[in-house]
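Engineer: Here you go, one structure.
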Amino acid sequence: MAIERVKHWQLGDIRITRIFELKDQCELSFLLPEGTADTVKKYPWLKPHFATPEGQILVWFQAFVLTFRDRRIMVDTCVGNDKMREFELFTKTHTAFLEDLTAAGCPPETIDTVLCTHLHLDHVGWNTRLANGRWVPTFPNARYLFGRAEWEYWQNRLPEKSIQVQHLTDSILPIIDAGLAVFVEPSHRVSDEVWLEPTPGHTPGHVSVHVASQGHHAIISGDIFHNPIQFAEPDLPSAFCIDAKKACHTRREFLARYQDKKALIVGSHFCDPTVGWIVRDGKNWRFDYD
Ligand SMILES: [Zn+2]
């Protein structure tokens, strides 16, 4: 089935728009080293959207735009075009992300705020684009909100000058140099409708984004989950977490806090249907979706 690159959901007065960028399929052990194909097969509800019959998992890379009143807030900015990265999937890509964003009714110059849940390469890439051989802000009229503790952690790693920190050089520093960066605390309130919630572990300053309107609540979860299998297996440590133990604790706490459909979960890396609910399933949880 063709991927719906642009998709909208309505939450009270807020429109949530998804812009799809890339997809991947891999062994669970790539993400969760203690997981196997048999772990995946234990949960039939993962198929067909989030896992293959053979027990591989499916992951998408996508961004979300929140539109309400006169605001237009972009949450995470995916991988970006033309960048040199450690992984081939992310290197020198040429996707139609900006064209899709414009077609969705959100041209780059209309974005007033960019929020990064954390500063991994697949959440900051479109912060900048290549213009005449230089990285320039993609969203020239936006304030870019970065977690203060998150930036402090990565800033200390800049001297490595390795490919693992290349994304800071091409996607964060040009924003700071342009005077568009604002460093915020992990519970920062962006507006009456949108605020951050600290969800540390994956990275030190990782946050999730709480969206509320007319009594409806949704959370863009960021990377506390990469695949809904982590609802059922919250304690499996992830290979991509800086503090895996803390990330497991955060995940459990999050699942317990929003279980019983207290908030719609918008999974940053979840394939369609992308949004759904946390429901209790024995000792742990599962993802309930339409
Ligand atoms: Zn990610």
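Where a number appears in this text, it was derived from the coordinates with a stated rule and is not lab data. Treat the numbers as computed from the prediction; the structure is a model and nothing was measured. Positions of Cβ are backbone-derived with ideal geometry, glycine not excepted, and every protein chain shown enters the neighbour counts.
Engineer: Provide, as a two-decimal number, the C-alpha radius of gyration of the chain over 2.2 N^0.38 Å, N being how many residues it has.
Structural biologist: 0.94
Engineer: If we count every other residue with Cβ under 11 angstrom of LEU32's Cβ, Lys/Arg +1 and Asp/Glu -1, where does the sum land?
Structural biologist: -4
Engineer: Toward the positive end of the charge dipole of the chain, about the Cα centre and with charges on Cβ (Lys, Arg +1; Asp, Glu -1), which of SER171, VAL114, PRO33 goes farthest?
Structural biologist: VAL114
Engineer: Which trypsin sites (Lys or Arg not before Pro) in region 146-249 pass both tests, a DSSP loop state and at most 16 other beta-carbon atoms within 10 Å?
Structural biologist: LYS161
Engineer: Related question: Residues with beta-carbon under 11 Å from that of VAL136, excluding VAL136: net charge, scoring Lys, Arg +1 and Asp, Glu -1?
Structural biologist: Around VAL136, the surrounding residues sum to 0.
Engineer: Could you work out [θ]222 nm for the chain from helices alone, using -39500 (n - 2.57) per DSSP H run of at least four and dividing by all its residues? Round to the nearest 500 deg cm²/dmol.
Structural biologist: Helices in the chain give a 222 nm mean residue ellipticity of -5000 deg cm²/dmol.
Engineer: Less than 12 Å Cβ to Cβ from GLU253, Lys/Arg counted +1 and Asp/Glu -1: what total charge do the surrounding residues give?
Structural biologist: Summing Lys/Arg as +1 and Asp/Glu as -1 gives +3.
Engineer: If you don't mind, another one. Enumerate lysine pairs in region 6-288 that are 8 or more residues apart or on different chains, then count those whose Cα atoms are under 24 Å apart.
Structural biologist: 23
Engineer: State the Kirkwood hydrodynamic radius of region 1-132 in Å, one decimal place, computed from all pairs of distinct Cα atoms.
Structural biologist: On the way: mean 1/r = 0.0613 Å⁻¹.
One over the average 1/r among Cα pairs gives 16.3 Å for region 1-132.
Engineer: Once the dipole of the chain is set up with Lys and Arg at +1 and Asp and Glu at -1 on Cβ about the Cα centre, which of SER268, PRO140, PHE287 lies farthest towards its positive end?
Structural biologist: The residue sitting most towards the positive pole is PHE287.
Engineer: Place the peptides 14-25, 271-282 in order of packing, highest mean first, counting for every residue the other Cβ atoms within 10 Å and averaging per peptide.
Structural biologist: In descending order of packing, they fall as 14-25, 271-282.
Engineer: With +1 on each Lys and Arg Cβ and -1 on each Asp and Glu Cβ, and nothing else charged, work out how big the dipole of region 6-288 is about its Cα centre, in Debye to the nearest 20.
Structural biologist: The dipole of region 6-288 has a size of about 380 debye.
Engineer: With a ≥ b ≥ c the root eigenvalues of the C-alpha gyration tensor of region 148-204, is it rounded (a/c under 1.5), prolate (a/b larger than b/c) or oblate?
Structural biologist: Since a/c reaches 1.5 but b/c is at least a/b, the shape of region 148-204 is classed as oblate.
Engineer: Taking the alpha-carbon centroid of each part, what is the distance from region 238-290 to region 40-61 in angstrom?
Structural biologist: Using only Cα atoms, the two centres lie 15 Å from each other.
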